[in-house]
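Shown next, in structure tokens, is the structure this report addresses.
The values are calculated or read from the model by the stated rules, or taken from the named source; none is laboratory data. Worth saying up front: this structure is predicted, and the values here are computed from it rather than measured. Please note: Cβ atoms are built from the backbone with ideal geometry, for glycine as well, and neighbour counts cover all protein chains shown. Heads up: the accessible areas ignore ligands, DNA and RNA and are worked out on the full protein's heavy atoms, side chains in. Shrake-Rupley method; radii C 1.70, N 1.55, O 1.52, S 1.80 Å.
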Amino acid sequence: MTDARRLRTDLSLRASGILSLAIAATAIHTFARLHPPTGALALLLAMIGFLCASAGMMLVIVGHHIHDRVQVSVRWRRVAR
């Protein structure tokens with residue numbers, strides 16, 4: 001992969017993370033304004049806020065390194081049968 005393509009991928013992943021954080025902030029703000037915060041709408045808003053915040057922070061912090069391979073310890077590797 002070329003450097004320009006890697007940079008474009010990294011920036012697009014981080015931008016989508018920021019967008020996901022904006023969606024999470026909107027959902028949490030709407031959830032906080034519900035009176036009383038009960039029912040399916042409250043549960044849906046809380047779920048959207050949690051999932052979007054988690055995924056957004058992961059994308060902002062990790063960026064294109066999300067696709068990097070990790071080395072698995074010998075203890076956890078699959079055994080050939």
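See the values below:
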{"read-out": "Residues of the chain: accessible area per residue with a 1.4 Å probe, Å²", "value": "84 Å²"}
{"read-out": "Protein-only accessible surface order, largest first, of His64, His35 at 1.4 Å", "value": "His35, His64"}
{"read-out": "Positive-end extreme of charge dipole, the chain - chosen from Gly17, Ala55, Ala80 (charges on Cβ)", "value": "Ala80"}
{"read-out": "Angle between the chain longest axis and helix 3-32 axis [Cα atoms, degrees, rounded to 10]", "value": "30 degrees"}
{"read-out": "For Val70, solvent-accessible area (1.4 Å; no DNA, RNA or ligand), Å²", "value": "120 Å²"}
{"read-out": "Unit charges on C-beta of K, R, D, E only; dipole of the chain, Debye", "value": "500 debye"}
{"read-out": "Sum of -39500 (n - 2.57) over DSSP H runs of 4+, divided by residues of the chain (222 nm, nearest 500)", "value": "-23500 deg cm²/dmol"}
{"read-out": "Highest to lowest packing among 36-43, 73-80, 24-31, scored as the average C-beta count within 10 Å", "value": "24-31, 36-43, 73-80"}
{"read-out": "Of all accessible heavy-atom area on the chain, the percent that carbon and sulfur account for (1.4 Å)", "value": "67 percent"}
{"read-out": "Neighbour cut-off at most 16 other Cβ (10 Å), DSSP loop, trypsin sites (Lys or Arg not before Pro), the stretch 1-40", "value": "Arg33"}
{"read-out": "Value of relative contact order over the chain, rounded to a whole percent, pairs C-alpha under 8 Å and six or more apart", "value": "41 percent"}
